[in-house]
Amino acid sequence: MSGRTKLGVLVSGSGSNLQALLDACAKPDFPAEVALVVSNVPTAFALERAKKAGVPSVVLEHKAFGSRADFEKALVEKLVSAGVEWVCLAGFMRLLGVDFLGHFAGRVLNIHPSLLPAFTGLHAQRQALERGVKVAGCTVHFVDPGMDTGPIIAQAAVPVLPGDDEAALTARILKEEHRLYPLVVKLVTTGVVRLEGGRVVTSAGPAVGELSLRNPGEPG
Ligand code: GRF
């Protein structure tokens, strides 16, 4: 189907969020399609997922570039030549600088496995368990040059249960990630959710409630 928004998905690892986006894009009424997957890690399982879905992918190893600016320039070139309009970070383990973000201004999304602004950076689920929080979750946000600091679009909460280890909590959060990311992509690419003056604005409509925190334990 033509006229769909072209996504570039940046990955470094397993790519289960990439899979959720690929699955959503496989539905004929979804407003976006994955035009290119870029991995900075050659062994990332996400590359297998792209191949299986018949989506072009490329490896750009950041280590092969002399500077972050050179790496990001190459990244922009690949995405632009694939016609990418929106960029989704999906487990991409590099910070992006102002040059990259300036090119895709207001059109870069990230998903993070915590209820931001709590627990930025690596091992968010472990940090949550160590602090003893009773509610954890995930956040989809616009990307700015900081670490998990951009304007928040949507969050989903899950309970932290007695006896949870990192793997159990990670799995519970991932389930929500896979629901939330495609929903946000749909809403931003159709203009229901917009970034205005550094704030997230959402048009009224039936989807708006889906962007909010749910009570942990509430049925999905
Ligand atoms: C997810 O938990 C995501 O929130 C974080 O990195 C993880 C990536 O997992 N940014 P996957 O590669 O999508 O399976």
- Quick one: is D164 crowded, with 16+ Cβ neighbours inside 10 Å, over 17 Å from L89 (Cβ atoms), of a type outside the set (K, R) and at pLDDT 95 or above? yes
- Result of the Cβ filter at 7 Å on region 1-24, keeping first residues that are modelled with pLDDT of 95 or more and partners that are away from the ligand (no atom under 15 Å from the Cβ) and aromatic (F, W, Y), at least 6 apart or interchain, is T5/W86; L7/W86; A24/F30
- Message: Between R49, R94, which is within 15 Å of the ligand (Cβ to nearest atom) and at pLDDT below 95?
- Response: R94
- Go through region 25-132 and tell me which strands (runs of 3 or more DSSP E), entirely inside it, have 2 or more residues that are touching a residue at least 60 places away in the same chain (Cβ under 8 Å) and of a type outside the set (G, A, S). 86-89, 108-112
- Message: Given the criteria exposed (fewer than 14 other Cβ atoms within 10 Å of the Cβ), out of contact with any helix residue (DSSP H, G or I) (no Cβ under 8 Å at 6 or more places or on another chain) and at negative phi, does V98 qualify?
- Response: yes
- Tell me which residues, restricted to region 1-23, are away from the ligand (no atom under 12 Å from the Cβ) and either among the basic types (K, R) or more than 19 Å from R107 (Cα to Cα) (or both). M1, S2, R4, K6, D23
- Message: I'd like the full set of residues that are over 8 Å from V11 (Cα atoms) and not β-branched (V, I, T), limited to region 28-43.
- Response: P28, D29, F30, P31, A32, E33, A35, L36, P42
- Sort through S39, S81 and tell me the only one that's at pLDDT 95 or above, over 29 Å from G191 (Cβ atoms) and not aliphatic (A, V, I, L, M). S39
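The values are calculated or read from the model by the stated rules, or taken from the named source; none is laboratory data. This structure is a prediction, so every number in the text was calculated from the model and none was measured. Note that each Cβ is placed from the backbone with ideal geometry, even for glycine, and that neighbours are counted across all protein chains shown.
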